[in-house]
Amino acid sequence: MQPFVRHTGRIAALQRANVDTDQIIPKQFLKRVERTGFGPSLFYDWRYLGDGRPHPAFELNRPSARGATILVAGPNFGCGSSREHAPWALGEYGFRAIVAPSFADIFYGNCCQNGLLPVVLSETEVNDLFRRAEAAGDAGYQLTIDLEAQRVSAPDGFTARFDIEPYRRDMLLQGLDEIGLTLREEANITEFERRLDALERGSA
Amino acid sequence: MTPRTLFEKVWDAHVVKPSGDGPALLYVDLHLVHEVTSPQAFDGLRLAGRRVRRPERTTATVDHNVSTGDRALPIADATSATQVATLSRNAREFGVELFDLDSPGQGIVHVIGPELGLSRPGMIIVCGDSHTSTHGAFGALAFGIGTSEVEHVLATQCIVQSRPRTMEVRFEGLPGAGVGAKDLVLALIARIGTAGATGHVIEYTGAAIRALSMEGRMTVCNMSIEAGARAGMVAPDETTFAYLEGRDRAPAGDAWTAAVCRWRSLDTDPGARYDREIVIDAADLSPQVTWGTSPGMTTDITGRVPDPAAAATAAERESLTRALEYMGLRAGTQLEGLAVDRVFIGSCTNGRIEDLREAAEVARGRRVASTVRAMVVPGSKRVKAVAEREGLDRIFADAGFEWRNPGCSMCLGMNEDILGPGERCASTSNRNFEGRQGRGGRTHLMSPAMAVAAAVEGRLVDVRQLLKSVAILS
Ligand code: SF4
């Protein structure tokens with residue numbers, strides 16, 4: 001996994017609540033058996049017109065969002081299905097972090113597994129970001145996210161702190177493989193299995 | 001000992017390694033696998049030279065993009081066919097049991113786990129699918145995971161989880177005729193919102209839950225995820241044991257007796273505390289129907305489409321306006337009477353035998369309106385076989401419903417069962433997101449009885465009116 005320590009980039013403002021994973025990556029694109037190839041289909045139904053041209057009104061297609069690497073969105077981002085194709089698509093598109101007032105549980109975990117940092121700020125702070133981005137116009141709005149310091153900041157003085165579980169923070173900072181960590185517990189797992197198997201056989 | 005909830009008992013029994021403040025390493029009793037969220041996980045194992053740690057605790061099936069039409073034909077879509085073939089290859093290579101298209105056990109993953117007797121009380125069950133919450137109906141802790149976690153469970157039979165908070169949802173009283181499990185859970189989501197239970201595991205309690213069949217409890221637990229919950233659970237009781245006894249993979253003989261004895265101790269202890277509590281009077285509920293593009297956008301069938309102008313915040317107004325535009329609805333419109341083009345009965349929410357019995361009861365002796373295309377998609381081959389034994393297929397066919405082969409079908413439209421742009425559908429599935437059933441398709445979620453009533457009348461109606469006329473006639 002690609003580590004996440006500190007990142008500066010332009011934001012894309014997606015001022016919508018309850019953005020579900022069916023919107024992030026519609027089901028017709030879930031048929032690939034690889035982890036890649038999902039970026040072009042990100043937000044497909046919103047992003048393209050019926051004839052395949054980019055939808056000019058869609059937030060990510062605006063000049064202000066060109067080259068954006070940080071997505072700022074409304075509450076309950078990533079609700080719905082467990083498809084990890086959603087963070088894969090977001091990552092492949094170029095996003096390194098998502099800032100929102102809240103995330104759906106499974107989506108939040110899936111992001112962390114893929115080095116895509118989910119940042120929870122308060123609704124007031126996120127709305128403040130929307131206003132600042134709007135004011136910046138086509139020039140775009142830059143944000144720095146520092147995972148080590150758990151801080152979001154911008155040159156115009158915006159600053160906010162965020163919380164993240166220490167375990168997730170360490171995994172992201174170091175780009176650790178969770179499977180490798182768990183396999184170190186081999187002795188504990190084997191001991192647990194011995195007891196469980198006995199119980200299920202009815203001999204415990 | 002301090003009194004504990006059902007959730008706490010199941011959680012505590014699965015901790016492989018206690019972790020202080022951090023997430024726990026939990027043992028997974030049962031891992032269910034389907035074709036869409038698993039290929040990249042098996043690939044990861046192969047790349048790392050790892051094996052499936054406990055193949056016998058892993059069960060796979062194909063459901064999401066299989067055709068519900070003629071099974072003698074090959075899968076028409078090449079990428080779908082590749083995904084199905086990839087799962088077969090992976091199952092063979094890693095020694096995992098697969099219920100493939102030819103197997104009599106094939107079906108939607110959340111339908112076959114219970115009917116095989118694989119999903120049992122006290123277990124931790126995971127699957128790369130958010131509706132894994134279904135299996136919580138047995139008093140298991142069952143939740144959806146992402147593909148990276150699927151790979152983790154395949155390799156280690158464990159999952160790393162932070163401890164969620166607990167929420168009791170108590171349905172007091174008994175619902176009236178025409179109001180069932182789907183209405184209970186839709187009413188809950190309408191009340192607390194689609195993020196109302198985020199970070200929580202719900203335990204459903206109360207007289208209305210006790211009175212439900214296992215199928216009804218599964219419907220309720222299934223949609224816990226639509227309220228944002230990590231999982232939903234119901235403490236096991238005689239209904240649970242009666243459902244499980246004698247099933248293919250359920251324990252038998254002395255092991256069964258010992259298991260039931262263990263399962264009886266899972267019930268939440270008197271005096272145990274939940275982090276949050278919600279009480280809903282089931283006797284007060286009417287049939288529920290969604291009008292918007294999120295399961296929280298739900299109201300009574302007797303209700304009206306809300307007015308965005310009355311929304312509390314600008315953001316809410318924006319989202320209501322967007323939803324109404326997508327759904328082609330105007331504020332203040334009465335839901336009853338709204339014409340529908342399609343009706344879908346099926347999915348892991350309402351594709352079980354009880355659901356089909358409920359639907360057939362309303363369909364019996366009636367005709368689907370000439371303006372409507374209606375289909376019934378059983379949740380599994382077993383459900384289909386039982387329904388055919390009971391003659392339900394005849395009732396549906398005589399009424400003008402298509403009787404199809406099992407799969408997810410129009411719940412998410414990964415196969416050819418999709419809505420056209422602007423088509424309005426009365427659906428027994430679980431999600432009414434934009435484009436979920438086909439780009440531009442408009443979904444209204446409701447119970448099987450309500451969906452059949454809509455098919456027959458060609459518009460959304462209150463099924464209680466139909467039931468009333470039955471009572472008068474008979
Ligand atoms: S029926 Fe629908 S919700 Fe259930 S597993 Fe299939 S696609 Fe998912």
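Table for the structure above
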quantity: Gyration tensor verdict on region B:378-474 (Cα atoms; rounded if a/c is under 1.5, prolate if a/b is larger than b/c, oblate otherwise); calculated: oblate
quantity: Residues B:248, A:128 arranged by fewest to most Cβ contacts within 10 Å; calculated: B:248, A:128
quantity: Ratio Rg/Rh [Cα only; Rh per Kirkwood] for region A:16-144; calculated: 0.94
quantity: Distant-in-sequence amide H partners of residue B:402 (H built 1.01 Å from N, under 5 Å); calculated: B:374, B:375, B:376
quantity: Shielding by partners, peptide B:37-47 (average Cβ within 10 angstrom, other chains); calculated: 3
quantity: Calculated SAXS-style log₁₀ I(q)/I(0) at q = 0.05 Å⁻¹ - the protein assembly as shown, Debye, Cα scatterers; calculated: -0.21
quantity: Calculated FRET efficiency for the pair residue B:242/residue B:322, C-beta based, R₀ 41 Å, to 0.05; calculated: 0.30
quantity: Chain B, relative contact order [Cα under 8 Å, separation at least 6], %; calculated: 17 percent
quantity: For region B:35-45, Karplus couplings with θ = phi - 60° (6.51, -1.76, 1.60), whole Hz, Gly/Pro x; calculated: 6, 7, 9, 10, x, 5, 6, 4, 4, x, 4
quantity: Order of A:102, A:153 under a 10 Å beta carbon neighbour criterion, fewest first; calculated: A:153, A:102
quantity: Coil-residue GluC sites (Glu not before Pro) of region A:113-152, DSSP, other Cβ within 10 Å capped at 11; calculated: A:148
quantity: Given charges at beta-carbon only (K, R positive; D, E negative), |dipole| of chain A in Debye; calculated: 580 debye
quantity: Pairwise FRET efficiency - residue B:367 versus residue A:149, Cβ, R0 = 45 Å, nearest 0.05; calculated: 0.10
quantity: In nm, spacing of pseudo-spin labels at residue B:311 and residue B:1 (7 Å Cα→C-beta vector); calculated: 4.9 nm
quantity: 3J(HN,Hα) from dihedral phi, region B:341-352, Karplus parametrisation 6.51/-1.76/1.60, rounded to Hz, x for glycine, proline; calculated: 9, 9, 9, 10, 10, x, 5, 6, 7, 9, x, 9
quantity: Anisotropy class of region B:215-254 from Cα gyration tensor, a/c 1.5 cut; calculated: prolate
quantity: Centroid-to-centroid separation of region B:390-452 and region A:30-83 [C-alpha atoms, Å]; calculated: 27 Å
quantity: Residue order, fewest to most surrounding Cβ atoms within 10 angstrom, among B:1, B:223; calculated: B:1, B:223
quantity: Under-5 Å amide H pairs with residue A:99, H placed in peptide plane, nonlocal only; calculated: A:71, A:72, A:73, A:119
quantity: Per residue Cα convex hull volume in Å³ - calculated over region B:50-171; calculated: 137 Å³
quantity: Aspartates and glutamates with Cα under 12 Å of residue B:381, excluding same-chain neighbours fewer than 8 positions away; calculated: B:63, B:100, B:102, B:115
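Read-outs throughout are calculated quantities, based only on the coordinates presented, and are distinct from any laboratory measurement. Only a predicted model underlies this, so the values are computations on that prediction, with no experimental measurement involved. Because the Cβ atoms are built from the backbone with ideal geometry, glycine has one as well, and the counts that use them run over all protein chains shown.
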